[in-house]
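For reference, the structure is listed below as structure tokens.
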Amino acid sequence: MSEALAPSVGWGVLHLFCKIGPRSDGEAIVTAVKAAQGHQRGGGAGDSADTDIDTDTDTDTDTQVVAFSVLGHKADLGVMAIGPDFVRLRLLQGALQTAGLEVVSSYVSLTELSEYSQGLPEEHLQARLYPRLPPAGKRAICFYPMSKRRGETDNWYGLEFEERKRLMMEHGKSGRRFAGRIVQLITGSTGLDDFEWGVTLFGVHPDDLKDTVYTMRFDEASTRFAEFGPFFAGIVGSIEEVVAQVGLA
């Protein structure tokens, strides 16, 4: 195996959205995911739309893999892999392709601490950098990328820091209304992919996802400054359950 390639802080995150084809082998897909997971320990559930993702601060943990079947035409099966080594993430991607899956969309990002997070409790910060996924009891998932607008009239990066912080605090307050219904992970992708952040939401019910995104779009940070990419929605399960749902069992 190649020498590990790890971020100096946080973990790498790889979202893969795949379609099945005539060569797709369900057993090989299961084997690829389990090989990536290694001796992964189980995680618990967080309760906050803002930060409450269960965390284990042992940064030498194996790759975590969240598998989900995808609704709609964009993909059949999704994988969210998160861990300290980019090489392992790439090996998982290759193993899934060797198992006959076609990667039709993807996203590369890193767990990170927001520049507005100064002063938050340490356990809050660790949960953002080193989350344990998936959260228990939240089988509905969606993912979308987003960036901040740089228009002639509304330019996020032309605002003073204190104004940006005020807008993000307001935005976070809206998110906390969904505590218990949603767990959110925001990962940074500036310089790594086409947008600036990736947003992954885990919900108790599918409408929890819809209500959260709809409500938070009315915040000024979104109405004036947010640019959104494509959305993917699905059902979280064990890799065996997901393979069965897409017809490969």
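A few remarks follow.
- Full extension of the segment from E170 to R217, taken as 0.36 nm per residue of separation minus the current Cα-Cα distance, would add 15.7 nm.
- Whole-percent carbon and sulfur share, accessible surface of segment 76-184, 1.4 Å: 49
- Extension gain, E162 to F231: 0.36 nm times the residue separation minus the Cα-Cα distance gives 21.8 nm.
- Over 27 Å (Cα to Cα) - which of K34/K138; K34/K74; K19/K210; K74/K138; K34/K210 fall in this group: K34/K210
- Convex hull volume per residue in cubic angstrom - Cα atoms of segment 119-249: 137
- Taking packing as the residue-averaged number of other Cβ atoms within 10 angstrom, the listed peptides 207-214, 182-189 run from highest to lowest as 182-189, 207-214.
- Highest mean packing first, where packing is the average number of other Cβ atoms within 10 Å per residue, the peptides 100-109, 194-203 line up as 194-203, 100-109.
- Multiplying the residue separation of L5 and E152 by 0.36 nm and removing their Cα-Cα distance gives an extension gain of 49.1 nm.
- For segment 231-243, putting each phi into the Karplus relation 6.51 cos²θ - 1.76 cosθ + 1.60 with θ = phi - 60° gives couplings of 9, 10, 10, x, 10, 6, x, 5, 4, 5, 5, 5, 4 Hz, in residue order, rounded to whole numbers and with x for Gly and Pro.
- Whole-Hz Karplus values for segment 77-85 come out as 9, x, 9, 10, 10, 9, x, x, 10 Hz, taken residue by residue from phi with 6.51 cos²θ - 1.76 cosθ + 1.60 and θ = phi - 60°; glycine and proline positions read x.
- With θ taken as phi - 60° and the Karplus curve 6.51 cos²θ - 1.76 cosθ + 1.60 applied, the whole-hertz 3J(HN,Hα) list for segment 153-167 is 8, 10, 10, 4, 7, x, 7, 5, 4, 5, 6, 4, 5, 4, 5 Hz, x standing for glycine and proline.
- For A226, nonlocal amide neighbours, meaning residues 5 or more places apart or on other chains whose placed amide H falls under 5 Å from its own, are R149.
- Longest to shortest principal axis, alpha-carbon extents of the chain, angstrom: 52, 37, 34
The values are calculated or read from the model by the stated rules, or taken from the named source; none is laboratory data. Please read these numbers as outputs of a predicted model, since none were measured by experiment. Glycine also receives a Cβ, built like all others from the backbone with ideal geometry; neighbour counts cover every protein chain displayed. Side chains included, ligands, DNA and RNA excluded: accessible areas come from the protein's heavy atoms. Shrake-Rupley method; radii C 1.70, N 1.55, O 1.52, S 1.80 Å.
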